[in-house]
């Protein structure tokens, strides 16, 4: 069960001085990629940077990075043990996410980072990450309808929760493609706490970057990412200005081009798992806005190459509006393997939608799609969806499902690497 609130987190985090500067990122879609771009830009500029995003993808500790590398299992488990001991000793009763956040912040401090880039877990105002002590910038990515049972049923209410990360005199960078009611709430919430200045991101920064062929090619391929790049650039610039650092344009280009996102618009080879060369696209799209972005990419790429047909492996978290997600993605003559992901380490509140319910939801759309139920057997679902390899396979609906697939591949001997620079907005 999700328990929002700052009282437990404040007690748990109190001993940590958090001497590092923090960039706090909230939103519904694109906040993970924004964090990745920010940390890449800072790292390339010589800043020792930590990054905390959630959920983890394959292992519990891969959500924490130092200098663009996931922390080791040994470092994570040692820090986590200290936090759990503190929690027990003080009788805090912290949630698993609060313990994870405290572990990340402890590692940032012990590893002497200059800047910590922190993604909000859920909402913002009452999220455990909102106990950050030294915010240098706050960022609002794209806001859409998600977690409505907790955050509210309309964009303005959800935006108000996410804008709860604002702090006095701290710059607010926001994605300018947000709906007008969201932008109004951003301005209202910023004024209420004297946050600012407000920096609206509507296009890529004009720094002569378009003259760099590699940058131009990369951004063209990442058309859904342009405003995430813009927000990241502005957030990084705030901190770099504070540090009196101005990286040359070629450093910015190299950082953006080299940024990667495992589990988001990532191409993987299923051969180690299935015994035959099958290329699959895995993407953790788990809400309507993310599904629209994924569909936009697929229509311009895979569907065009393969006469419009795709084969899918789809799973979702319980309570998600799968009809809205699948309605954007599926077309007549597609085939879907309905599955459910396994238990999520450290996140007992996350439960999968039953595979039968996934299938029933997709059947109910009446889109002329073939559906087969595979329960928890993700490998069998992949095998069936792959068929003879003549039609591409897409795995989506949940980042937890994508994590299961990547974990299966890793255990089969495949080195999981991200495709450079591709994620939904």
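The values are calculated or read from the model by the stated rules, or taken from the named source; none is laboratory data. Being a predicted model, the structure only gives us computed values, none of them experimental. Please note: Cβ atoms are built from the backbone with ideal geometry, for glycine as well, and neighbour counts cover all protein chains shown.
Can you report the number of residues in region 240-252 which are more than 22 Å from the chain's Cα centre (by Cα) and assigned to a helix (DSSP H, G or I)? Walk me through it before giving the result.
At the first step, the residues of region 240-252 found to be more than 22 Å from the chain's Cα centre (by Cα) are 240-251.
Subsequent filtering for residues that are assigned to a helix (DSSP H, G or I) retains 240-242, 249-251.
So the count comes out to 6.
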I need the helices (runs of 4 or more DSSP H) fully contained in region 113-204, keeping only those with at least 3 residues that are surrounded by fewer than 16 Cβ atoms within 10 Å (Cβ to Cβ). 148-151, 180-192
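When only residues in region 299-308 that are outside any helix (DSSP H, G or I) and under 15 Å from residue 280 (Cβ atoms) count, which is nearest to the chain's Cα centre (by Cα)? I'd like the intermediate steps shown before the answer.
In the first step, residues of region 299-308 are kept if they are outside any helix (DSSP H, G or I); the result is 301, 306-308.
Among the residues that remain, those that are also under 15 Å from residue 280 (Cβ atoms) are: 301, 306.
Working: 301: 22, 306: 29 Å.
Among residues in region 299-308 that are outside any helix (DSSP H, G or I) and under 15 Å from residue 280 (Cβ atoms), the one nearest to the chain's Cα centre (by Cα) is 301.
Is it the case that some residue within region 259-275 is in a loop (DSSP other than H, G, I, E, B), surrounded by fewer than 17 Cβ atoms within 10 Å (Cβ to Cβ) and modelled with pLDDT of 85 or more? Walk me through how you get there before you give the answer.
Keep residues of region 259-275 that are in a loop (DSSP other than H, G, I, E, B), which gives 259, 261-265, 270, 275.
Right, trim to surrounded by fewer than 17 Cβ atoms within 10 Å (Cβ to Cβ) and you get 275.
In the following step, the residues that additionally are modelled with pLDDT of 85 or more were identified as 275.
Yes, the conditions are met somewhere in region 259-275.
A quick yes/no check of all residues on (1) in contact with a helix residue (DSSP H, G or I) (Cβ under 7 Å, 6 or more places away or on another chain); (2) modelled with pLDDT under 95:
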{"residue": "295", "(1), (2)": "yes, yes"}
{"residue": "299", "(1), (2)": "no, yes"}
{"residue": "303", "(1), (2)": "no, yes"}
{"residue": "322", "(1), (2)": "yes, no"}
{"residue": "326", "(1), (2)": "yes, no"}
{"residue": "343", "(1), (2)": "no, yes"}
{"residue": "361", "(1), (2)": "yes, no"}
Please enumerate the residues belonging to region 358-376 that are in a helix (DSSP H, G or I) and crowded, with 17+ Cβ neighbours inside 10 Å. 358, 359, 361, 362
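Can you tell me which residue is surrounded by the fewest Cβ atoms within 10 Å (Cβ to Cβ) among those in region 294-319 that are within 27 Å of residue 347 (Cα to Cα) and touching a residue at least 40 places away in the same chain (Cβ under 8 Å)? Let's see the steps before the verdict.
Our first condition is that a residue be within 27 Å of residue 347 (Cα to Cα); within region 294-319, this holds for 294, 312-319.
With touching a residue at least 40 places away in the same chain (Cβ under 8 Å) added as a condition, the list becomes 294, 312-317, 319.
Numbers: 294: 24, 312: 23, 313: 27, 314: 28, 315: 31, 316: 27, 317: 19, 319: 11.
So the residue we want is 319.
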Please indicate, with yes or no, whether at least one residue in region 47-65 is crowded, with 23+ Cβ neighbours inside 10 Å, farther than 25 Å from residue 349 by Cα, modelled with pLDDT of 95 or more and touching a helix residue (DSSP H, G or I) at 6+ places or on another chain (Cβ under 7 Å). yes
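To keep it simple, each residue is scored yes or no on (1) touching a strand residue (DSSP E or B) at 6+ places or on another chain (Cβ under 6 Å); (2) on the phi < 0 side of the Ramachandran plot; (3) in the same structural domain as residue 139 (by TED's automatic domain parsing); (4) crowded, with 19+ Cβ neighbours inside 10 Å.
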{"residue": "20", "(1), (2), (3), (4)": "yes, yes, yes, yes"}
{"residue": "41", "(1), (2), (3), (4)": "no, yes, yes, yes"}
{"residue": "44", "(1), (2), (3), (4)": "no, yes, yes, yes"}
{"residue": "67", "(1), (2), (3), (4)": "no, no, yes, no"}
{"residue": "79", "(1), (2), (3), (4)": "no, yes, yes, yes"}
{"residue": "86", "(1), (2), (3), (4)": "no, yes, yes, yes"}
{"residue": "91", "(1), (2), (3), (4)": "no, no, yes, no"}
{"residue": "96", "(1), (2), (3), (4)": "no, yes, yes, no"}
Being within 26 Å of residue 76 (Cβ to Cβ) and out of contact with any strand residue (DSSP E or B) (no Cβ under 9 Å at 6 or more places or on another chain) is the filter here; which residues of region 345-383 pass it? 345, 346, 347, 348, 349
In region 320-341, residue surrounded by the fewest Cβ atoms within 10 Å (Cβ to Cβ) [restricted to those that are out of contact with any strand residue (DSSP E or B) (no Cβ under 6 Å at 6 or more places or on another chain) and not in a loop (DSSP other than H, G, I, E, B)]: 323
Single residue of region 377-424 satisfying the filter (within 24 Å of the chain's Cα centre (by Cα) and surrounded by fewer than 16 Cβ atoms within 10 Å (Cβ to Cβ)) that is modelled with the lowest pLDDT: 420
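Take residue 284 and decide whether it is at positive phi, in contact (Cβ under 8 Å) with a residue 24 or more places away in the chain and in a loop (DSSP other than H, G, I, E, B). Steps first, please.
Working: at positive phi: no; in contact (Cβ under 8 Å) with a residue 24 or more places away in the chain: yes; in a loop (DSSP other than H, G, I, E, B): yes.
Here the answer is no, as residue 284 does not meet what is asked.
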